[in-house]
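Written out below as structure tokens is the structure these notes cover.
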Amino acid sequence: MTIIIRLQGLDVKAGAEDIRNFFEHLHIPDGGVYIVGGRLGEAFIAFTSERDAQLAMRHTGNFLKGSKVTLHISSMAEMEHRLRSLLRKEKPSPTQVTLTKPQPSSEAHLPSLNARHPHHNTADRPPNQNTSDDLKTPGLTENSKPGYVRLFGLPSSATKEDICHFFRGLTVQEAIVNVKLGLRRGCLVKFANIQDACDALHFNQQLLGTIYVEVRTASEKMWTSALKTINHSQKSTMHTKKRSGNKLPSKPKKKTRLDCDSAAFSPSMEYIVMVRNLPRKMTKTEIKELFGCPNVKGKNVLHLLDKRGNRTDKAFLIFDHIEDYNYAVSLTGCHVASDVIEVSSITKEMMMDMMAKTYPRNSQTCLFVRNMPAGVQRSQIKRLFHKYKVGEDNITLLHDSDGKGTGEAVVQFKSEKLTALAQRLHGKDFLGEQVLLSRINVKQMEGILSSSH
């Protein structure tokens, strides 16, 4: 099992050995420290057990080499994205550097880390050495792969010619205009190489006519996902005079395994992400719309609440399909309202631990509602409890194995006091039946939901 943690705030003088000492008594295998640096002072650390990773997270806010660092649950996919981004910022070298793989520890192996990134272990390098020099993967150059960007703020009348003119001097291969990117519509642009895509970022907030255009990074996954979800009539592809005959990427086949280390997820193969910097009033329906997953069950979208039962800026999404998970992770860095969201993977155990700290699982803040018509709607249940500050997002209808309603639901309230007041409706006539209400805690609610199909 390999779990990745992202560290921010690393001092420029700190090296891999300093990071290992910071996590003393916790096992970090050879080749398990990747220093990225940059404006945020980032590093990625791999742990081979979930317990070590959980203990490591307790060090957030502590000082490392005199600098306060913060820790975040990450993933192999996020780490690879950061390393690729670092590669893109490097100027192409006329001489290709070949590196040897780090030797794995005799205690633990990191096949995915070592196989995918044949870099030197940062522990073997002096602290002040620029880590980016060791990230030159053999066979991967600036001109070997296309690059992508997202455009926001374009007028609806913008054409592919406008986009070509906007990125004057760069080789635009193809574009998809007026495509839905989260809650907003924008444009995806494919460049001939990664270097051109990096140069395109310098066009951010430049004028196209009288409108300032926002330019942000994008990924191949965003591109292929857009191709899958738009109709042929909505696509507008183009080539410059330098057209080399490249075709649009074909629809990707369903993957039967994770792109990153599957051990970082729960044994039931649920793919969980944590989203930060969301608007606090954002509903579950809006979150599902943002991540393009309207069919995800409401119980698999969880707001992280504070101790008063109010929403924070964090939420969790639980996916059944790797494609949905990959798309969700790719949305990190997108603007939602006035903030930039951050999306990272997290284990189910860590998610439950975070929720338990702010919303104790033994507090009786839920009602198990029974003896209702099978076709009852959440809006009807909301009206029943309208005095007790319940939204439809807090109501989960239960279904049998055939997907039919059982006439039961679980309702979560903001406090134990509100739950107790709501329970006074026990036995009240509701839709022609006497409704039955039982107070339960969060843990019991989770058990009921997990057994419901």
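Computed from the coordinates by the stated procedures, all read-outs in this text should not be read as laboratory data. Here the structure is a predicted model, which means the values were calculated and not measured. Counting neighbours? That spans all protein chains shown, and the Cβs are built from the backbone with ideal geometry, glycine included.
Summary table below
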{"item": "Rounded to whole Hz, the Karplus (6.51, -1.76, 1.60) HN-Hα couplings of region 210-221, x for glycine and proline", "result": "10, 10, 7, 9, 8, 10, 10, 5, 9, 9, 4, 5"}
{"item": "Phi to ³J(HN,Hα) by Karplus 6.51 cos²θ - 1.76 cosθ + 1.60 over region 298-307, Hz, x for Gly, Pro", "result": "x, 5, 9, 10, 10, 7, 7, 9, 8, 5"}
{"item": "Length-normalised contact order of region 271-358 in % [C-alpha pairs under 8 Å, at least 6 apart]", "result": "40 percent"}
{"item": "Inter-label distance, nm, simple model (7 Å from Cα along the C-beta direction), Lys348/Asn204", "result": "3.8 nm"}
{"item": "Neighbour net charge for Gly41 - beta-carbon separation under 14 angstrom, K R +1, D E -1", "result": "+3"}
{"item": "Approximate spin-label separation Glu17-Leu55, in nm, with each point projected 7 Å along Cα-to-Cβ", "result": "2.3 nm"}
{"item": "Per-residue ³J(HN,Hα) for region 395-409, Karplus 6.51 cos²θ - 1.76 cosθ + 1.60, θ = phi - 60°, Hz, x for Gly and Pro", "result": "10, 10, 7, 9, 10, 8, 5, 8, x, 8, x, 9, x, 10, 7"}
{"item": "Built amide H within the under 5 Å cut-off of Thr2, gap 5+", "result": "Ala263, Ala264"}
{"item": "Pairs beyond 26 Å (Cα-Cα), from Lys221/Lys288; Lys297/Lys443; Lys13/Lys357", "result": "Lys13/Lys357"}
{"item": "Electrostatic dipole magnitude of region 366-451 [Cβ: Lys, Arg +1; Asp, Glu -1; Cα centre; debye, to 20]", "result": "460 debye"}
